[in-house]
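Novice: Just dropping this structure here.
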Amino acid sequence: MEKELKNIIEILKKLMSYQTTEDKKEEINQLFNYIKSLIPKELYIAEYEFDGKQSIVISNTKEKKLDIVFCTHIDVVPAEKYECIETETTIKGRGSFDMKGSVAVCLELFKNLDTNKKVALFITSDEEITGNCAKQLLTIYDTDFAIVPDGGTDLQIVKEEKGQLQLKVSIKTKSAHASQPYNGENAILALYNSYQQLIKKYPLPISSEDYKTSINLSMIEGGEALNSVAATATMYLDIRHTSKDTNEKILKDVKSLNKDLKIEIIHAGSLFKTNLDDKNVKKYIEISKKIMKKEPEIVSSEATSDAIYFSDKKIPTILTNPKGGFAHGPKEYVEKQSLYELYKIWKEILKEDN
């Protein structure tokens with residue numbers, strides 16, 4: 001096994017030993033201390049905190065205008081088990097694929113940084129909840145090109161990633177005794193009927209290949225007593241939309257369902273799109289082809305990531321991932337050799353003649 005891959009695996013196993021969920025600030029702090037211990041003294045480390053969430057930026061320059069930014073995160077969603085299982089070809093466990101494997105690749109890359117380009121590595125701790133840290137870092141730093149290893153799989157290039165719209169939809173109706181439902185109007189049923197109307201307009205996708213807007217009924221709550229017709233209810237919708245359906249269009253469609261609906265926007269995230277004709281993006285695809293010995297697959301993705309903040313600023317961005325899968329689930333894994341291919345691609349990208 002190549003020395004660099006051995007190092008990447010050892011770093012990954014150490015990163016996975018920290019349970020870096022949102023509520024475990026001390027684990028996050030200890031992980032950042034470990035990361036700082038890896039960084040050569042000739043590089044610069046800047047530490048930030050936004051709304052109580054930590055981030056660090058590792059760079060080879062004090063300048064805020066950069067040639068390339070790698071944007072990563074170390075937070076994970078909660079798991080029943082936090083374990084790291086190594087097989088001959090994979091590393092399994094929470095965070096292996098999303099996205100401590102890619103963080104480990106970046107850290108090995110920056111340990112051996114040899115480039116005249118001005119480069120920086122963003123490492124945030126809130127991507128799984130808000131992504132605010134990446135958004136705020138881009139008010140401090142600017143870059144000509146970004147690489148975000150948080151989309152697709154198997155070194156795919158993501159050309160589009162769905163936008164996210166989360167809504168709280170409430171209604172007040174008329175209460176009545178449970179034995180006399182004809183004297184009232186059930187608010188819970190009114191909301192559920194509205195949702196049924198909505199998914200007639202936006203049929204739910206049946207597979208990852210069925211790339212279209214999805215509207216998930218995440219939670220519903222309501223009612224005042226077991227023996228009464230519910231007069232109040234609230235449902236929460238998590239909407240992932242393609243470029244064909246804007247936030248404005250979707251909101252208009254929701255409002256048209258029932259004049260009595262009260263709609264609150266909890267979160268409205270941008271949609272990610274990359275310019276496949278950009279010179280840096282084309283160069284990345286060319287280098288990937290050379291390293292992989294095949295054309296990288298260009299795909300659309302259902303998920304969302306911090307890549308949206310670069311897209312919002314019209315920064316050409318590669319959204320990619322090593323080979324792996326089952327993010328946020330008990331079967332999460334990443335393939336070792338794919339991490340090494342990612343390392344070789346990024347090392348080539350940093351060469352001065354590219």
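The values are calculated or read from the model by the stated rules, or taken from the named source; none is laboratory data. This is a predicted model, so every value here is computed, not measured. All Cβ positions, even for glycine, are placed from backbone atoms using ideal geometry, and neighbour counts span all protein chains on display. All accessible areas refer to the heavy atoms of the entire protein, side chains included, with ligands and DNA or RNA removed. Shrake-Rupley method; radii C 1.70, N 1.55, O 1.52, S 1.80 Å.
Novice: Restricting the search to the stretch 3-30, which residues are open to solvent by less than 70 Å² (accessible area, probe 1.4 Å) and under 17 Å from F110 (Cα atoms)?
Specialist: If the condition is that a residue be open to solvent by less than 70 Å² (accessible area, probe 1.4 Å) and under 17 Å from F110 (Cα atoms), then E4, L5, N7, I8, I9, I11, L12, L15 are the ones that fit.
Novice: Separate question: Tell me the residue from L167, L155, L121 that is in contact with a helix residue (DSSP H, G or I) (Cβ under 9 Å, 6 or more places away or on another chain), surrounded by fewer than 24 Cβ atoms within 10 Å (Cβ to Cβ) and farther than 16 Å from E297 by Cα, please.
Specialist: L167
Novice: Looking only at the stretch 155-177, filter to residues that are among the β-branched types (V, I, T) and in a strand (DSSP E or B); which one of those is farthest from G269 (Cα to Cα)?
Specialist: The residue in question is I171.
Novice: If you take the residues in the stretch 248-264 that are part of a strand (DSSP E or B) and open to solvent by 60 Å² or more (accessible area, probe 1.4 Å), which one is farthest from Q197 (Cα to Cα)?
Specialist: In this case the residue turns out to be E264.
Novice: Kindly indicate whether any position in the stretch 98-111 is in contact with a Cys (Cβ under 7 Å, 6 or more places away or on another chain) and crowded, with 24+ Cβ neighbours inside 10 Å.
Specialist: There is no residue in the stretch 98-111 that is in contact with a Cys (Cβ under 7 Å, 6 or more places away or on another chain) and crowded, with 24+ Cβ neighbours inside 10 Å.
Novice: Which residues, counting only those in the stretch 265-303, are assigned to a loop (DSSP other than H, G, I, E, B), touching a helix residue (DSSP H, G or I) at 6+ places or on another chain (Cβ under 8 Å) and touching a residue at least 60 places away in the same chain (Cβ under 8 Å)?
Specialist: Those that are assigned to a loop (DSSP other than H, G, I, E, B), touching a helix residue (DSSP H, G or I) at 6+ places or on another chain (Cβ under 8 Å) and touching a residue at least 60 places away in the same chain (Cβ under 8 Å): S270, L271, T274, L276, P296.
Novice: Hey, could you check the stretch 117-140 for residues that are assigned to a loop (DSSP other than H, G, I, E, B) and of a type in the set (A, V, I, L, M, F, W, C) and say which is nearest to E47 (Cα to Cα)?
Specialist: Ranking the candidates gives I140 first.
Novice: Looking only at the stretch 277-311, which residues are over 21 Å from Y343 (Cα atoms), open to solvent by 60 Å² or more (accessible area, probe 1.4 Å) and within 21 Å of the chain's Cα centre (by Cα)?
Specialist: Of everything in the stretch 277-311, just one residue is over 21 Å from Y343 (Cα atoms), open to solvent by 60 Å² or more (accessible area, probe 1.4 Å) and within 21 Å of the chain's Cα centre (by Cα), namely E302.
Novice: Identify all residues within the stretch 219-247 that are within 24 Å of the chain's Cα centre (by Cα), without any contact (Cβ under 8 Å) to a residue 40 or more places away in the chain and assigned to a strand (DSSP E or B); write none if there are none.
Specialist: Selection gives M219 alone.
Novice: Then there is this: Can you name the residue in the stretch 236-247 that is hydroxyl-bearing (S, T, Y) and open to solvent by 30 Å² or more (accessible area, probe 1.4 Å) and, of all such residues, is nearest to T304 (Cα to Cα)?
Specialist: The extreme case among them is S243.
Novice: Does I349 satisfy the condition of being at pLDDT 95 or above and closer than 29 Å to L165 by Cβ?
Specialist: Considered against the rule, which asks whether it is at pLDDT 95 or above and closer than 29 Å to L165 by Cβ, I349 comes out as no.
Novice: Given the criteria in contact (Cβ under 8 Å) with a residue 24 or more places away in the chain and within 19 Å of M99 (Cβ to Cβ), does Q54 qualify?
Specialist: The answer is yes for Q54.
Novice: Right, another one. Which pairs turn up if I take residues in the stretch 196-215 that are at negative phi and look for partners that are among the small types (G, A, S) and assigned to a strand (DSSP E or B) with beta carbon separation below 7 Å, at least 6 apart in sequence or on another chain?
Specialist: Partner pairs satisfying both residue conditions: L204/S214; P205/S214; Y211/S300.
Yes/no matrix, rows are residues, columns are (1) over 18 Å from F272 (Cβ atoms); (2) assigned to a loop (DSSP other than H, G, I, E, B); (3) modelled with pLDDT under 95; (4) open to solvent by less than 10 Å² (accessible area, probe 1.4 Å):
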| site | (1), (2), (3), (4) |
| --- | --- |
| I147 | no, no, no, yes |
| D150 | no, yes, no, no |
| L189 | yes, no, no, no |
| Q196 | yes, no, no, no |
| S208 | no, yes, yes, no |
